[in-house]
């Protein structure tokens, strides 16, 4: 039986038997977006992440159902991509889903491929998010990430999954 140990505005700490973990109160899912521009650049975002004490390079991503309870995951992917990067996809496709951190949270992330992008604005997220958008040529991504990591910037592992998926384009 699940017991709520503490409820905050967006998260709950819960207990299920001997296991304690965190779950979201305001969203039904999380989506990460693999998006390549018409010029061949992988869209990445950078923002300060308080829990890890510094900047993190990530795929564009966001919550599903935080603004509209019955929101479709692909609709949310398009909305989040445009909000964070200023690029709107003509279509999105689910590639895979898996736990974000299975020992800490019930959160499951869905990785989505965004196709046929069209530039609509500067991106940067909603006020207060402080998102910096990076469009990195696909061939340069590994070296670019290594350089950023050498500067002390953390790199989200989902980017490496995105590169794997993009390297298997005939299967997606």
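Sub-6 Å Cβ pairs linking a first residue in segment 22-37 that is over 15 Å from residue 76 (Cβ atoms) to a second residue that is modelled with pLDDT under 95 and assigned to a loop (DSSP other than H, G, I, E, B), at least 6 apart or interchain, are 23/106; 25/10, ordered by first then second residue.
For first residues located in segment 58-74 and at positive phi and free of Cβ contacts under 8 Å to residues at least 40 places away in the same chain, partners that are part of a loop (DSSP other than H, G, I, E, B) and surrounded by fewer than 17 Cβ atoms within 10 Å (Cβ to Cβ) and lie 6+ apart or on another chain with Cβ distances below 9 Å form the pairs 65/26; 65/28. For segment 57-70, filtering for residues that are over 17 Å from residue 106 (Cα atoms), buried (at least 17 other Cβ atoms within 10 Å of the Cβ) and out of contact with any helix residue (DSSP H, G or I) (no Cβ under 8 Å at 6 or more places or on another chain) leaves 0.
The number of residues in segment 139-172 being surrounded by 14 or more Cβ atoms within 10 Å (Cβ to Cβ), within 18 Å of the chain's Cα centre (by Cα) and in a helix (DSSP H, G or I) comes to 9. Within the option set 140, 156, being farther than 27 Å from residue 21 by Cβ and at pLDDT 95 or above holds for one residue only, 140. Of the strands (runs of 3 or more DSSP E) entirely within segment 1-55, those holding at least 3 residues that are within 23 Å of residue 123 (Cβ to Cβ) and touching a helix residue (DSSP H, G or I) at 6+ places or on another chain (Cβ under 6 Å) occupy 29-35, 41-49.
Considering every residue within segment 139-159, establish whether at least one is in contact with a strand residue (DSSP E or B) (Cβ under 7 Å, 6 or more places away or on another chain) and farther than 26 Å from residue 51 by Cα. Taking every residue of segment 139-159 in turn, none turns out to be in contact with a strand residue (DSSP E or B) (Cβ under 7 Å, 6 or more places away or on another chain) and farther than 26 Å from residue 51 by Cα. Within the set 93, 115, the sole residue that is surrounded by 13 or more Cβ atoms within 10 Å (Cβ to Cβ), out of contact with any helix residue (DSSP H, G or I) (no Cβ under 7 Å at 6 or more places or on another chain), over 26 Å from residue 54 (Cβ atoms) and without any contact (Cβ under 8 Å) to a residue 60 or more places away in the chain turns out to be 115.
The values are calculated or read from the model by the stated rules, or taken from the named source; none is laboratory data. Since we're looking at a predicted model, the values are computed, not measured. When we count neighbours, we look across all protein chains shown, and the Cβ atoms used for this are built from the backbone with ideal geometry, even at glycine.
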